[in-house]
Amino acid sequence: MPHANRRVFIKQYREGLPALDDFGIEEADIADVPAGHVVVKVDTLSMDAWIRTTLTPGSFHETAALGSTIRALGVGQVVESAADGLAAGDWVFGLLSAQTHALLPAAALTKLDLSNSLEPRDYVGPLGLTTGLTAWVGLIAVAEVHGGDTVLVSGAAGAVGSMVVQLAKARGARVIGIAGGPEKCRYLLETLGADVAIDYKNADVAAGVASAAPGGIDVFFDNVGGEILDIALENLAPANARIAICGAISQYSDMGNVRGPAKYLRLAERNAAMKGFVVTHHAARFPEAKAEIASLMEEGKVRLPEHVVDGIDNFAEALLLLFSGGHTGNLLVRP
């Protein structure tokens with residue numbers, strides 16, 4: 001029985017931020033399911049900054065071919081299977097992309113463990129590869145946060161930033177979050193429990209960081225890059241500070257002219273370390289990360305508020321919302 005699939009594809013490349021005209025929508029039936037493949041009804045897609053880097057030739061991630069479905073990670077339910085190990089009704093995680101139904105090899109999907117009252121959407125939320133696991137790996141495996149550390153988080157009101165704030169607090173750190181606008185700063189303080197919130201749209205970030213961390217920053221978790229990275233470098237603790245480079249959303253609109261840190265010599269002056277990471281390189285520690293996050297969820301110490309956009313036809317608008325700063329917490333699309 002054919003499965004009607006509605007998908008969002010890229011029509012054209014553009015310098016700078018993409019526009020709605022760069023995307024198209026079409027319907028195409030999935031008629032045949034080859035051996036080893038399954039059809040997944042997409043339930044929820046995670047709107048992540050890396051998607052932007054697939055929409056420009058020569059980008060950091062592999063460039064999406066014109067006419068191809070926009071790549072996105074998500075969770076969904078198998079509705080037809082021609083593969084061992086997955087059956088209709090199973091819930092899976094994988095690169096489902098911007099569509100209502102995905103035809104994929106079973107080997108490309110991870111069957112979800114829904115024990116302990118976990119919900120499928122938790123795997124694009126607190127337990128998501130690009131949300132909770134990325135936050136845990138950067139903060140704990142890379143930056144090695146300790147109790148008593150002063151932690152600075154850029155993009156703190158986004159999905160990864162929200163998880164970093166809560167994980168750092170759970171580990172006994174003092175947390176300073178940077179976000180845009182009074183509402184997001186209230187969210188950091190009142191919902192996530194940050195100790196200090198700095199509004200980069202309406203305040204002097206350099207002065208705010210210096211005031212909030214007079215003894216210096218022990219850990220900086222960077223989602224933004226650019227000027228804020230330089231401010232963090234200028235305010236590092238006198239010794240053994242750690243910077244985890246997760247992303248640089250301020251640079252993604254002009255990948256041919258990425259701005260590097262001007263203050264990088266502070267690393268040498270203060271015996272500090274700066275390290276980038278790819279979350280999948282730390283897969284051996286995922287069980288540890290999932291166990292800690294799930295335990296904190298059960299204790300009510302970690303949660304990830306959602307901003308949900310309904311309808312696959314609104315996928316492009318949701319992607320642009322990600323880069324306008326028009327959301328708080330975890331931005332999701334439900335086809």
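Each value in this text was obtained by applying a stated rule to the coordinates, not by laboratory testing. Note that the coordinates shown come from a computational prediction; the quantities given were computed from them, not determined experimentally. We place every Cβ from the backbone using ideal geometry, glycine too, and count neighbours over all the protein chains shown.
Relative to the Cα centre, what is the charge dipole magnitude of the stretch 177-335, using +1 at the beta carbon of each Lys and Arg, -1 at the beta carbon of each Asp and Glu, and rounding to the nearest 20 debye?
My answer is approximately 400 debye.
If you count, for each residue, the other Cβ atoms within 10 Å and average over each peptide, how do 7-19, 317-329 line up from highest to lowest?
317-329, 7-19
If amide H atoms are built 1.01 Å from N in the plane of the peptide, which residues on other chains or at least 5 residues away come under 5 Å of the amide H of THR44?
Excluding prolines and chain starts, which carry no amide H, the hits are VAL75.
If you count, for each residue, the other Cβ atoms within 10 Å and average over each peptide, how do 47-54, 125-132 line up from highest to lowest?
125-132, 47-54
Ratio of the stretch 1-87's C-alpha Rg to 2.2 N^0.38 Å, to two decimals?
1.25
Given H placed on each backbone N at 1.01 Å, which residues far from PHE277 in sequence or on other chains put an amide H within less than 5 Å of it?
Close amide H contacts, sequence-distant or interchain: ILE245.
Where the only charges are on Cβ atoms (+1 Lys, Arg; -1 Asp, Glu), what is the dipole of the stretch 243-335 about its Cα centre, to the nearest 20 debye?
It works out to roughly 560 debye.
When the chain is fully extended, how far beyond the present Cα-Cα distance does ASP29 get from ALA239, taking 0.36 nm per residue of separation?
This chain segment gains 69.7 nm when fully extended.
Which value results for Rg/Rh of the stretch 213-335 when Rg is the Cα radius of gyration and Rh the Kirkwood radius based on the inverse mean 1/r?
1.03
Assuming a ≥ b ≥ c are the square roots of the Cα gyration tensor eigenvalues, decide whether the stretch 60-152 counts as rounded (a/c under 1.5), prolate (otherwise, with a/b larger than b/c) or oblate.
Verdict is oblate for the stretch 60-152.
Can you check what the net charge comes to around ASP43, using other residues whose Cβ is under 11 Å from the Cβ of ASP43 (Lys, Arg +1; Asp, Glu -1)?
With Lys, Arg at +1 and Asp, Glu at -1, the net is +2.
I'd like the Kirkwood hydrodynamic radius of the chain, using the inverse of the mean 1/r over distinct C-alpha pairs, in Å.
Here the Kirkwood hydrodynamic radius works out to 20.6 Å.
Calculate the tail of P(r) for the stretch 120-229: the fraction of all Cα-Cα distances greater than 22 Å, expressed in %.
Here the long-distance tail beyond 22 Å is 24 percent of all Cα pairs in the stretch 120-229.
What order do you get for 208-221, 144-157, 279-292 when each peptide is scored by the mean count of other beta carbon atoms within 10 Å, highest first?
Peptide ranking by packing, descending: 144-157, 208-221, 279-292.
Quick one: 3J(HN,Hα) in Hz for the stretch 141-154, Karplus 6.51/-1.76/1.60 with θ = phi - 60°, rounded, Gly and Pro as x.
Once rounded to whole Hz, the list reads 6, 8, 7, 6, 4, 10, x, x, 5, 9, 10, 10, 10, 8.
Could you give each residue of the stretch 44-56 its phi-based ³J(HN,Hα) in whole Hz, using Karplus coefficients 6.51, -1.76, 1.60 with θ = phi - 60°, and x for Gly or Pro?
Here the 3J(HN,Hα) series is 8, 10, 8, 8, 10, 4, 4, 4, 4, 6, 8, 9, 10 Hz.
Ignoring everything except DSSP H segments at least 4 long, calculate the 222 nm mean residue ellipticity for the chain; use -39,500 (n - 2.57) per segment, divide by total residues, nearest 500.
-5000 deg cm²/dmol
Residue by residue through the stretch 177-191, which ³J(HN,Hα) values in whole Hz follow from phi under the Karplus form 6.51 cos²θ - 1.76 cosθ + 1.60 (θ = phi - 60°), with glycine and proline marked x?
x, 10, 8, x, x, x, 5, 5, 5, 4, 4, 4, 6, 8, 9
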